[in-house]
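The values are calculated or read from the model by the stated rules, or taken from the named source; none is laboratory data. Bear in mind the structure is a predicted one, so any value in this text is a computation, not a measurement. Glycine gets a Cβ as well: all are built from the backbone with ideal geometry, and neighbour counts include every protein chain shown. Note: accessible area is taken over every heavy atom of the protein model, side chains too, but ligands, DNA and RNA are not part of it. Shrake-Rupley method; radii C 1.70, N 1.55, O 1.52, S 1.80 Å.
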Amino acid sequence: MMLFKLSVKNIRKSIKDYTIYFLTLILGVSIFYMFNSLDSQEAMLTVSSSTREIVKLMVSMIGMVSVFVAITLGFLIVYANNFLIKRRKKEFGLYMTLGMGRWQISRILLVETFLIGLLSLVVGMIVGVFGSQLMSVLVAKLFEADMSEYQFVFSKAACMKTCLCFGVMYVAVMILNVFTISKYKLIDLLTAVKKNERVKMKNPLLCVIVFLGASGMLGYAYYLVTAGADKITSADKMAVPIAMGVVATFFLFWSLSGFVLKLVQSRKNIYLRGSNVFVLRQIHNKINTTVVSMTIICLLLFMTISVLSVALSLNNLLTNDLEEMTPVDINLYKPANLPENGDFTKEQITDSKLAISTTLKENGFDMNQLKDVIEFETYATNELTWKDSLGDTYEQVKEQFPMLQYDTAELIIKVSDYNKIASLYGLPEQELLEDEYLVLCDYDNMKNIRNIALQNNNRITLAGTEYHAKYKECQDGYITISTSHTNTGIIVVPDSCNLTESMKEQYFLIANYNAKTEEEREAIEDEFTNYGEESALYDHFEKKGIILDGMTKISIIESSKGLATIITFIAIYLGVIFLIASSAILALKELSENSDNRQRYMILRKIGMDEEMINKTLFCQIGVFFLTPLLLAIIHSVFGIQFGLKLTSVQVKPEEMLPSVIGTAIFLVAVYGGYFLATYAGSKNIIKEPER
């Protein structure tokens, strides 16, 4: 009982030391619960069957990500607890002087850790439960779900998972505390306040050389992920610039303090001004003793900025193009002229010679359910491949883009068929002379490649006739609805082009639903989108083995919004955890250092420095300590974001990135800045306290 009372008294007395640690635990618990309670929130949403499958996928993915998050939070808690133990070494030394054994001190720590863990778990769960209700509203809004039957939801599964994960972490901390205390000697505990981490003074010239070398290595890594990104075609090649970036970051921090100190010392008017000598020496010592920590923090911040910015940009891109790229309700297609000597049934071969409308009618579909129906065929032949389209520029393009399949046959369509599509889609119609062709392409990467050949006046030969390009660049256009601009190239030729029956590649049908109400639209939609539900049309196709595929506007929009939401949620989840981890590590490290440096500030007061100047000195130290990894992380992110977008083959204009970057910056300032201000306030209180 006496040890319990002492533990409670210690917690009250050290509440200032525990504030950031306690708040970090609460944030970790609440965020972990909120994201893992999506399964219970999903159950009460009234959504379509396809959307429900997407939400289930998101819940499953967040469950997998939570394993990584739990490990990250576990390391954070252990790391933070280590600093708190260091902060109290002298206190433990006094306990031992008064006759208390190591086991009794360990029991005090066990009780303190248990009480703090229990309190943070309870408060975090309360915050998480109420926060999850707001997340329910957000999920419902993103998926356009019916909230008429909304009710307060508590997830028992998420609660048990959260308690289990954090319980394991707290038990690990308790065991670690006992092990740590058992190693300490009395003399080390009593004199801990007078000891600083051992700092080896580095040769300034060596620091300059290492700094310049690390900067060069980092610059080359930046080049590899931007200008040289096209050569990164496998995971092992991707690992090279990543490893270079990590190593260069470490050596930048290793050499930074000595490099900056030497640079400032050469400017006496700056070095000797005010308290700059003290500030620079303090920063030099701190960075020297936290090279690994600063590297980890910088990389965590880099991942936070990059993950959030790229994810939010992808989210905007996936949702912004939906209306433009889905101008009709349905787009069906099937192969034409299936070979008789292939692995196809007699029914499939016979059906491959019929138009899609005929296939639908013969299988019981009422064509009166569709309106604005347009049917057309596309063609392909080995006489015209990508290599042929590139002509004289083939070798130049292949050297720059060696991974493309240049023997792929071009997709061909007659201009009259395309104009019918363009009229329905609201796209510009085209006119061609008897010896002209044009290229439709709206995928930027492929458009740039094709434009090289078009600007070189490349001619093509098709069905014995030579054609020249009407335009020196690709024209925007497409024939199938999709989530975004993905058309890599379609050759449009005059109607007089001798495209034979054997060249037919695919049949297409595009149309709108002949429906006046949303219920009628959904009924027609159910005929084509079979997500586990009974569908007479699809059952019949499956039994006969008919090959018919397609996309609908409703399914594309639902799946795109679902993918965008999954990306956004996981990005926010990881971003928040990474940011909290890096901020908390910095804050606790700085608080611990300032506790050790209390005597130095007492000396500053004795030599006449007033409180305003001392606070300014403290603010500068903490500011530099927080800004240094952040600035390097921002530089990393400028190149990392470009690399991330290239990996996803997404073309995002700078102005399209701006909202995502601004949103990420606001979030970063709120959390990271909040930890900075809390650290500054806590440090001010520490250096004012009399030595304990």
Original post:
Just wondering, is there one or more residues in segment 19-41 that are at pLDDT below 80, buried (at least 19 other Cβ atoms within 10 Å of the Cβ) and charged (D, E, K, R)?
Top reply: no
Original post:
Tell me, which residue of segment 602-643 that is within 26 Å of LEU301 (Cβ to Cβ) and of a type in the set (Gly, Ala, Ser) is surrounded by the fewest Cβ atoms within 10 Å (Cβ to Cβ)?
Top reply: GLY623
Original post:
If you go through segment 257-264 one residue at a time, do you hit one that is of a type outside the set (Ser, Thr, Tyr), open to solvent by 60 Å² or more (accessible area, probe 1.4 Å) and either farther than 20 Å from LEU631 by Cβ or at pLDDT 65 or above (or both)?
Top reply: no
Original post:
Hey, does segment 566-587 have a residue that's assigned to a strand (DSSP E or B) and either crowded, with 18+ Cβ neighbours inside 10 Å or among the charged types (D, E, K, R) (or both)?
Top reply: no
Original post:
Can you name the number of the only condition in (1) open to solvent by less than 10 Å² (accessible area, probe 1.4 Å); (2) among the hydrophobic types (A, V, I, L, M, F, W, C); (3) out of contact with any helix residue (DSSP H, G or I) (no Cβ under 6 Å at 6 or more places or on another chain); (4) modelled with pLDDT of 90 or more that LEU411 fails?
Top reply: (1)
**OP:** For ASN514, work out the one condition from (1) under 24 Å from ARG450 (Cα atoms); (2) modelled with pLDDT of 85 or more it doesn't fulfil.
**Re:** (1)
Original post:
Looking only at segment 366-401, which residues are acidic (Asp, Glu), surrounded by 14 or more Cβ atoms within 10 Å (Cβ to Cβ) and part of a strand (DSSP E or B)?
Top reply: GLU375, GLU377
Original post:
Say we look at segment 147-160 and pick out the residues that are open to solvent by 70 Å² or more (accessible area, probe 1.4 Å) and not in a loop (DSSP other than H, G, I, E, B); which of these is modelled with the highest pLDDT?
Top reply: MET160
**OP:** Working only within segment 416-475, note down all residues that are part of a loop (DSSP other than H, G, I, E, B), open to solvent by 60 Å² or more (accessible area, probe 1.4 Å), touching a residue at least 12 places away in the same chain (Cβ under 8 Å) and charged (D, E, K, R).
**Re:** GLU431, GLU434, ASP435, LYS470, LYS472, GLU473
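Here is a yes/no grid of residues against (1) closer than 21 Å to THR480 by Cβ; (2) modelled with pLDDT of 90 or more:
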| site | (1), (2) |
| --- | --- |
| LEU317 | yes, no |
| GLU323 | yes, no |
| VAL328 | yes, yes |
| ASN337 | yes, no |
| ASP351 | yes, no |
| LYS361 | no, no |
**OP:** Answer with yes or no whether ILE62 is over 30 Å from SER182 (Cβ atoms), open to solvent by less than 20 Å² (accessible area, probe 1.4 Å), of a type in the set (A, V, I, L, M) and at pLDDT 75 or above.
**Re:** yes
**OP:** For segment 229-241, name all the residues that are at pLDDT below 75 and surrounded by 14 or more Cβ atoms within 10 Å (Cβ to Cβ).
**Re:** ALA229, ILE232
